1. Calculate one ³J(HN,Hα) per residue across segment 341-352 by plugging θ = phi - 60° into the Karplus curve 6.51 cos²θ - 1.76 cosθ + 1.60, and present them in order as whole Hz with x for glycine and proline.
2. Counting Lys +1, Arg +1, Asp -1, Glu -1, what net charge surrounds Tyr123 among other residues with beta carbon under 12 Å of its beta carbon?
3. Would you mind counting up the charge near Glu269? Only other residues with Cβ under 14 Å from its Cβ, with Lys and Arg at +1 and Asp and Glu at -1.
4. For n ≥ 4 DSSP H runs only, could you compute -39500 (n - 2.57) per run for the chain, divide by its residues and tell me the 222 nm figure to the nearest 500?
5. Per q in 0.08, 0.10, 0.11, 0.14 Å⁻¹, report the Debye log10 I(q)/I(0) for segment 31-432, using one uniform scatterer on each alpha carbon and no solvent.
6. Taking only Cα atoms, what is the 0 to 90° angle, nearest 10, from helix 2-30's long axis to the longest principal axis of the chain?
7. Using only the Cα atoms of segment 72-226, build the gyration tensor, take square roots of its eigenvalues as a ≥ b ≥ c, and label the shape rounded, prolate or oblate: rounded if a/c is under 1.5, else prolate if a/b is larger than b/c, else oblate.
8. Picking from Val151, Gly193, Ala180, whose Cα lies most toward the positive end of the charge dipole for segment 146-193 (charges on Cβ: Lys, Arg +1; Asp, Glu -1)?
Amino acid sequence: MISSIHRYATGLAAAGAAMALALSISHAQSRPLPTCDPDNGGLTLPAGFCALVVASDNPTARHLVVAANGDVYVALRGGGQRGGAQVPGGVMALRDKDGDGRLETREHFGSGSVTGIALRNGYLYLAKFNTVERYKMTPGQLQPAGEPEIVVTGLPGVAQHGDKGIAFDGKGSLYVNVGAPSNACQQPDRQPGAKGQDPCALLEKNGGIWKFDENKLGQKQEDGTRLVTGLRQMPGIAWHDDAVYVAMNNRDQMDTFWPDFFKPQDNSERPAESLYRAVQGLNFGWPYCFFDYGQKKFLTNPEYGGDGKSADRCAAFTPPVANFPAHWAPVDLMFYTGTQFPQKYRDGAFIAFHGSWNRVPEQAGYNVTFQPIANGKASGNFEVFAGGFTGKPAPVKAPGEAAARPDGVAQGPDGSLYISEDVTGKMWRVIYRGR
């Protein structure tokens with residue numbers, strides 16, 4: 001009898017929680033659009049769009065995700081010092097409690113440096129340097145009450161290119177990028193004239209996308225499957241159109257290490273940042289080749305005998321879906337599935353570019369770019385969707401001059417676009433008001 005009463009009470013509690021969540025979601029989606037800032041929070045946007053700053057003071061923000069009820073979860077970089085204080089990492093949970101569009105309620109939980117973040121089947125998934133973890137979420141509560149479960153452990157990951165992004169295919173699989181801790185697999189790394197390892201031993205456990213079971217705990221890298229290889233660093237990862245898409249940061253310092261073949265302008269303009277469509281077994285060429293932005297083709301890297309003209313190592317590699325200027329540094333990627341924006345944005349990719357650090361004579365990037373995609377291919381030219389992050393009309397000579405550097409993009413339940421940045425920690429919500 002007691003057992004029956006307990007089951008009945010538990011069922012009522014679950015039903016009540018589900019009803020509360022449904023009401024919360026419905027309320028979030030039915031709220032009127034908030035008023036944008038007069039200056040769009042400093043952003044420049046296409047005609048018909050406006051923006052407001054919905055939160056600030058998350059200066060180590062990485063990726064972010066928006067729940068169905070409008071709560072926002074921001075991954076935070078951890079480790080080291082900032083402003084004389086230890087950087088804690090973990091997650092910042094934010095809520096608009098009074099309905100004015102601003103996220104005034106803040107709760108912090110977790111620790112360690114986090115980049116990838118996603119909500120999936122009642123869990124909040126976090127990707128760290130060496131692990132993928134998940135918290136069980138309780139409907140109506142802003143933060144989880146329990147400790148995280150370890151989904152994947154023991155992943156390679158160090159300071160250079162250790163950040164992990166995550167994506168889900170909706171079929172039970174989880175995808176994780178494992179960046180390569182190297183510029184072009186030189187030995188030693190980043191030294192003038194150093195040749196590349198041939199074959200590159202790093203590719204055994206780095207430089208690719210790994211696939212895991214999203215519901216199995218305690219997995220190690222060898223329990224997963226390598227989906228693709230030949231990628232340098234690619235925390236911008238998303239599932240779309242039955243494939244994983246990844247935005248890769250290309251190689252650096254061509255002119256510094258190989259001045260006989262490459263000049264500063266070559267380094268500043270030639271190694272494209274690329275968007276790849278990843279399906280099982282493909283190889284995208286790193287470290288043997290780089291994709292030349294101007295010539296729109298693979299060329300052999302100088303570490304493997306290239307002179308800036310030859311392509312003898314590159315015939316077997318799969319070319320990108322789309323390309324972007326050198327050193328813009330893509331760090332997050334999402335595909336737009338909402339209806340709040342005009343139809344032209346449907347199923348296209350929004351990419352957060354963190355901005356360059358070693359271009360000359362000026363830096364570039366620092367924007368959110370839109371790339372139209374159809375049938376697995378680029379269906380038009382990219383366009384800078386959101387600019388103004390640097391806070392100055394003049395060119396940026398050094399990355400430290402930028403007032404803001406985009407780090408995350410996410411879609412809200414109503415189709416708004418959320419953007420995070422990691423200099424002062426602002427977060428914007430971009431809305432379409434019509435022309």
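What follows draws every value from the coordinates through simple rules; no lab data is involved. Model, not experiment: these values are computed from the prediction. Neighbour counts are summed over all protein chains in view; Cβ atoms, including those assigned to glycine, are modelled from backbone coordinates with ideal geometry.
1. Taking θ as phi minus 60°, the curve returns 7, x, 4, 4, 8, 5, 6, x, 9, 9, 10, 8 Hz for segment 341-352.
2. Value of the local net charge: 0.
3. Neighbour charge sum, excluding Glu269 itself: -1.
4. Per the formula, -3000 deg cm²/dmol.
5. The Cα Debye sum returns log10 ratios of -0.39, -0.63, -0.77, -1.28.
6. Helix 2-30 sits at roughly 60 degrees to that axis.
7. oblate
8. Among Val151, Gly193, Ala180, the one farthest towards the positive end of the dipole of segment 146-193 is Gly193.
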